1. Sorted by average packing, counted as other Cβ atoms within 10 angstrom per residue and highest first, what order do B:167-175, B:51-59 take?
2. Would you pull out the residues with amide H under 5 Å of B:VAL33's amide H, same chain only if 5 or more places away, H placed 1.01 Å from N?
3. For q values of 0.07, 0.08, 0.14 Å⁻¹, compute log₁₀ I(q)/I(0) with the Debye formula on a Cα-only model of chain A, without solvent.
4. Near the amide H of B:ARG220, under 5 Å away, which other amide H atoms are found, from residues 5 or more places off or on another chain, if H is placed in the peptide plane?
5. Residues of A:172-183, mean number of Cβ from any other protein chain within 10 Å of their own Cβ, rounded to a whole number?
6. Farthest toward the dipole's positive end in segment A:56-168, which of A:THR65, A:ALA77, A:PRO163, given Cβ charges of +1 (Lys, Arg) and -1 (Asp, Glu) about the Cα centre?
7. When a footprinting reagent is the concern and you count Cβ atoms within 10 Å, what order do A:PHE229, A:PHE17 take, fewest first?
8. Residue farthest toward the positive end of the dipole of the protein assembly as shown, with Cβ of Lys/Arg at +1 and Asp/Glu at -1: which of B:VAL33, A:TYR237, A:PHE195?
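Rule-based calculations on the coordinates, nothing more; no lab input. Here the structure is a predicted model, which means the values were calculated and not measured. As a convention, Cβ positions derive from the backbone with ideal geometry for all residues, glycine included, and neighbour counts pool all protein chains shown.
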Amino acid sequence: MVVSGRSRVAIILATAFLASVYIADWNRAIPRSSGFSGINEILRGFLQPDFSQDFLIVAIKATWTTITFGTSAIFLALVIAIPLSFVASGTLFRSAVARMASITLVRFLLALIRSIHELIWAWLLAVLFGFSPITGVLALAIPYSAILARVFSDFLNDVPNAPLRALRSSGASNVQTLLYGRIPMVYKDMLSYGFYRFECCLRSAAVLSFIGLQGIGYQIEVSMQDLYFGQVWVLIYFLIFLIVSVDWWGSKLRRSLAN
Amino acid sequence: MTLAYRVNDVSFEAEGNKIIQHVSLSVKTGERVAILGASGAGKTTLLRLLAAQIKPNTGEISLYGENTSDLDSGEKLSRYVGVINQQYDLIQELSVRNNVMAGNLGRWGMWRSMLSLLSTIDSDIGTRALERVGLSDKTHQRLSRLSGGEQQRVAVARLIVQDPLLIIADEPVASLDPTRAFEVMSLLHNITSPTDKTLISALHSYDLTTHFFERVIGLRRGEVSFDMPVKELSKDDLEKLYSVDQDD
């Protein structure tokens with residue numbers, strides 16, 4: 001029987017799914033009896049969010065902390081990722097050997113870095129720096145720079161060849177072809193993806209607080225422990241507002257660049 | 001008169017297809033040569049061989065005495081040959097000015113090219129080139145806002161800035177209406193003829209060929225079918241060139 005590559009992948013995925021259904025311990029999937037009253041509490045919090053002035057100040061401070069973590073991290077990630085993406089794209093080298101070597105080596109390194117989740121990076125870095133802001137920023141910036149560099153390098157590679165050939169016929173070197181051809185052709189995609197990753201970074205920054213770093217996640221955890229669901233909802237609203245704002249800002253910037 | 005090209009028994013094949021077969025010809029400096037032929041006759045491949053973008057499998061092309069197989073893209077080649085194609089040659093996201101100034105890249109180092117993207121250094125030559133093609137009012141517009149005919153004039157302005165010894169044009173006006181086509185061909189003619197630059201262009205139009213060129217080469221299935229002064233070109237020759245073979 002001949003099986004195409006795509007159906008082979010489909011068969012493997014289907015088998016894995018069926019196996020997981022069989023292996024799963026379904027007895028544990030039944031909600032706890034206290035779970036239903038918990039949902040009740042959460043819903044009540046949703047209907048009565050805690051908009052008291054004292055708590056709003058706490059929420060704003062937590063949001064601000066998350067913003068500073070996320071923004072510093074994405075900024076650092078971009079500073080690292082952009083030059084790395086040039087190397088990972090292999091477009092800077094003329095000789096085929098150097099090109100293949102740089103693509104293979106750098107991409108392998110990038111895969112290595114991004115296969116470790118930011119939470120694990122945070123644990124590893126906490127050993128070095130303790131639970132300090134620098135741990136938080138680096139834990140986000142390191143894997144994010146690897147993700148950004150990989151995707152940017154794909155963008156830089158997947159551009160039409162004809163305009164690049166024309167630039168080379170004007171005497172452009174590989175660096176000049178990058179500057180005048182590849183980057184202008186993809187910078188809008190880079191910006192778009194960069195903003196998407198900024199959103200992800202803010203979300204991750206919020207979650208990082210669970211391991212003891214300040215921010216929205218930390219406050220959610222504190223309020224959860226006290227079962228103040230009205231406060232939890234306010235914090236979630238702040239988080240949603242934050243992500244929506246970044247999305248709005250990104251689209252606005254893209255539109256202004258399109259004109 | 002010095003020779004721009006000496007092409008000696010050149011063949012080129014890709015993926016087992018013989019695209020160019022045993023072509024020999026020479027082109028003198030300052031000549032204006034039209035290359036005619038049906039689609040798939042090998043015009044683009046021949047032009048890319050002449051521009052040293054690809055190298056012949058057998059035979060030799062000498063460009064001002066240098067074997068094109070030894071010439072790689074870069075500053076030196078860009079001083080010999082400038083290339084203009086049907087379309088897709090320019091960077092849509094850059095301004096008109098930056099597209100034109102890209103003609104300087106062979107002469108510029110990295111820092112200077114970077115600076116030119118950000119500021120307007122050395123703009124004189126670009127301004128003059130845009131004046132010559134009649135687009136000085138569009139200097140700071142994004143290229144994608146220009147029409148097809150205007151974009152092709154920007155490509156000509158880039159060639160003016162690059163200032164090569166000869167220009168290779170691959171159906172430069174194929175996607176333009178007759179009026180725009182005539183305008184762009186006139187521009188190419190004007191930037192080559194007074195300075196004795198060589199112009200080699202693939203074309204589809206008999207009228208443009210007879211109006212702007214003095215020599216015509218007919219290409220059929222990768223071979224030179226005829227090579228003669230334009231005055232001698234008859235409609236009969238053309239019909240034979242574009243006719244479909246019985247055995248096809």
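1. Working: B:167-175: 21.9, B:51-59: 18.1.
Top of the packing list down: B:167-175, B:51-59.
2. Amide H neighbours of B:VAL33: B:LEU199, B:ILE200, B:SER201.
3. For the requested q values the scattering log ratios are -0.38, -0.49, -1.10.
4. Amide H neighbours of B:ARG220, under 5 Å, 5+ apart: B:SER225.
5. Working: counts 11, 9, 1, 5, 10, 3, 1, 8, 11, 5, 1, 4.
Per-residue shielding by partner chains comes out at 6.
6. A:PRO163
7. Values: A:PHE229 22, A:PHE17 10.
So the residues, fewest neighbours to most, are A:PHE17, A:PHE229.
8. With unit charges placed on the Cβ atoms, the residue in question is A:TYR237.
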